[in-house]
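*Asks:* Have a look at this one.
Read-outs: derived from the displayed coordinates by stated rules, not from any lab. The model shown is predicted, which means the values in this text are computed figures rather than measured ones. Cβ placement follows ideal geometry from the backbone for every residue including glycine, while neighbour counts extend to all protein chains displayed.
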Amino acid sequence: MQLVNLNAGTLIMQWVQKYFPSLLFILLISCGEDNTLEQEIAKIPIDMKIERFDREFAQAGPDQIPALKSKYPYLFPKQFPDSVWVAKLTDTIQQELLSEVDKAFGDFREQESELISLFRHIKYYFPKYKVPKGITLTSEVQYENRVVLSDSLLLLGLDNYLGQDHHFYRSISRYIAQGLDKKFLVSDVAGAFAKTINHYPRNRTFLSRMVYYGKELYLKDILIPNATDARKINYTDAEMEWATANEEQIWRYFVERELLYSTESALDRRFLDPAPFSKFQLELDSESPGRLGRYMGWQIIKAFAQRNPGVPLVELLDMPADEIFKKSNYKPKK
């Protein structure tokens with residue numbers, strides 16, 4: 001058999017001529033399916049109201065407090081007399097909060113449109129879900145509860161989304177303040193919804209907890225498909241690039257140290273909980289973003305969904321982590 005000596009350019013050209021038309025056809029079919037689905041979702045009727053309590057309160061006078069209490073009883077704890085709310089009307093910090101929110105969000109139309117799209121996607125995949133009434137308010141920067149989702153209400157603390165460099169956040173750790181930006185608001189709402197249907201695992205292994213967070217992020221892939229991956233996981237673009245570039249090394253670290261089936265609770269603090277960086281206990285720690293265990297769980301779920309496209313979303317959410325992992329045949333990107 002005679003070998004044909006071809007240079008790299010010739011080989012590439014032959015490969016393109018042979019395979020590119022097929023790849024392009026597959027890509028166009030996939031894009032067409034995605035567009036058809038999104039068009040179908042866009043037609044779903046949504047009766048969602050966003051009420052601007054923050055603006056109503058800012059414009060109210062003392063004599064209007066009883067009317068506001070009647071309209072929003074869940075925002076006025078009964079143990080506080082009206083005098084507390086009247087005093088808030090003239091409180092300089094409260095007035096500044098309301099003013100800064102107004103500067104950042106204006107009429108809230110952009111966010112309202114994104115929220116309606118999110119809940120259309122939720123209704124498509126979970127038809128029995130009842131869309132809540134949205135209420136915007138200020139919470140005196142209670143960032144841990146910046147989104148509260150109940151059966152009938154969605155409370156949005158807009159003073160927690162003014163941008164990481166806002167002077168309200170000077171005393172807050174930088175890795176937390178980084179997420180206090182309006183570009184993350186809809187992602188946070190999607191995450192709050194995910195927590196209502198994605199149950200925390202009883203299995204205490206690191207793998208189970210990784211996959212739990214991976215399911216939450218995969219839900220965001222489906223519910224807010226136009227968001228960037230960085231916004232879904234609340235990373236900066238640079239952090240997202242770092243995670244992607246080092247995926248193989250992260251996975252090797254987890255496997256070589258036999259962490260996947262470990263039940264050591266310290267792994268949560270090192271790789272799952274919000275933190276300024278992940279704790280590999282190596283020199284690269286300071287370069288890494290936090291929560292890399294969640295990122296890796298996300299990649300496992302993506303691999304499973306790609307390899308098992310016929311599995312319904314609800315079924316995927318109920319599947320144990322070990323089964324998902326085995327059926328994902330996950331291999332990190334090189």
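*Asks:* Using 7 Å Cα-to-Cβ label points, what is the Val311/Ala238 separation (nm, one decimal)?
*Replies:* A separation of 3.7 nm, rounded to one decimal place.
*Asks:* Just flag the chymotrypsin sites (Phe, Trp or Tyr not before Pro) in the stretch 301-334 sitting in loop per DSSP whose Cβ has no more than 15 other Cβ atoms within 10 Å.
*Replies:* Working: sites: Phe304, Phe325, Tyr330; in loops: Tyr330.
Filter output for the stretch 301-334: empty list.
*Asks:* Please identify, among His199, His167, His121, the residue showing maximal mean-square fluctuation in a Gaussian network model of the chain using a 10 angstrom Cα cutoff.
*Replies:* Among His199, His167, His121, the largest GNM mean-square fluctuation belongs to His167.
*Asks:* So for Tyr235, Tyr72, fewest C-beta neighbours within 10 Å to most, what's the order? Walk me through the numbers before you get to the answer.
*Replies:* Values: Tyr235 22, Tyr72 16.
Ascending number of Cβ neighbours within 10 Å: Tyr72, Tyr235.
*Asks:* Under a straight-distance cross-link criterion of Cα-Cα below 28 Å, which lysines are reachable from Lys43, leaving out those fewer than 8 residues away in the same chain?
*Replies:* Lys123, Lys128, Lys130, Lys133, Lys182, Lys183, Lys195, Lys215, Lys220, Lys232, Lys302
*Asks:* What is the distance, in nm, between label points placed 7 Å from the Cα along the Cα-to-Cβ direction at Gln142 and at Asp82?
*Replies:* 2.4
*Asks:* Counting Lys and Arg as +1 and Asp and Glu as -1, each charge on the Cβ, what is the dipole of the stretch 191-239 about the Cα centre in debye, to the nearest 20?
*Replies:* Details: 8 positive and 5 negative charges, 74 e Å.
Its charge dipole is roughly 360 debye.
*Asks:* Assign unit charges at the C-beta atoms only (+1 for Lys and Arg, -1 for Asp and Glu), then state the dipole size of the chain relative to its Cα centre in Debye, rounded to the nearest 20.
*Replies:* Details: 43 positive and 45 negative charges, 188 e Å.
Using Cβ point charges on Lys, Arg, Asp and Glu, the chain gives about 900 debye.
*Asks:* Here's another thing I want to ask about it. Check every DSSP H run in the chain and write down those whose alpha carbon atoms cover 30 angstrom or more along the long axis and whose mean Kyte-Doolittle hydropathy is -0.5 or greater.
*Replies:* Details: long enough: 8-42 (47 Å, 0.55).
Qualifying helices: 8-42.
*Asks:* Let me ask something else. Exactly which trypsin sites (Lys or Arg not before Pro) in the stretch 87-170 are in a DSSP loop and have at most 15 other Cβ atoms within 10 Å?
*Replies:* Details: sites: Lys88, Lys103, Arg109, Arg120, Lys123, Lys128, Lys130, Lys133, Arg146, Arg170; in loops: Lys128, Lys130, Arg146, Arg170.
Within the stretch 87-170, the qualifying trypsin sites (Lys or Arg not before Pro) (loop, at most 15 other Cβ atoms within 10 Å) are Lys128, Lys130, Arg170.
*Asks:* Exposure proxy check: Met210, Met296 ranked by fewest other beta carbons within 10 Å? Each step should come with its number before you reach the end.
*Replies:* Numbers: Met210 29, Met296 26.
Fewest-to-most Cβ neighbours within 10 Å comes out as Met296, Met210.
*Asks:* Could you tell me which trypsin sites (Lys or Arg not before Pro) in the stretch 179-264 are loop residues by DSSP with no more than 14 other beta carbons within 10 angstrom of their beta carbon?
*Replies:* Numbers: sites: Lys182, Lys183, Lys195, Arg202, Arg204, Arg209, Lys215, Lys220, Arg231, Lys232, Arg252, Arg257; in loops: Arg202, Arg204, Arg257.
Taking the stretch 179-264 and a limit of 14 other Cβ atoms within 10 Å, the loop trypsin sites (Lys or Arg not before Pro) found are Arg202, Arg204, Arg257.
*Asks:* Based on the Cβ-Cβ distance from Asp63 to Glu96, what FRET efficiency comes out when R0 is 25 Å, to the nearest 0.05? List each step's numbers first, then the result.
*Replies:* Values: r = 24 Å, r/R0 = 0.94.
Computed FRET efficiency for Asp63 and Glu96 comes out at 0.60.
*Asks:* Sticking with this one: For Glu323 and Lys128, what is the calculated FRET efficiency with R₀ set at 25 Å and r taken between the beta-carbons, to the nearest 0.05?
*Replies:* Numbers: r = 26 Å, r/R0 = 1.03.
So, using R0 = 25 Å, E works out to roughly 0.45.
*Asks:* Still on this structure: At R0 = 30 Å, how high is the FRET efficiency between Leu75 and Ile46 if r is their beta carbon distance? Nearest 0.05 is fine.
*Replies:* 0.80
*Asks:* State the Kirkwood hydrodynamic radius of the stretch 50-195 in Å, one decimal place, computed from all pairs of distinct Cα atoms. Mind showing how you got there, number by number?
*Replies:* On the way: mean 1/r = 0.0617 Å⁻¹.
The answer is 16.2 Å.
*Asks:* Considering amide H positions built from the backbone, and no H for Pro or chain starts, which residues 5 or more places from Leu154, or on another chain, come under 5 Å of its amide H?
*Replies:* Lys133, Gly134, Ile135
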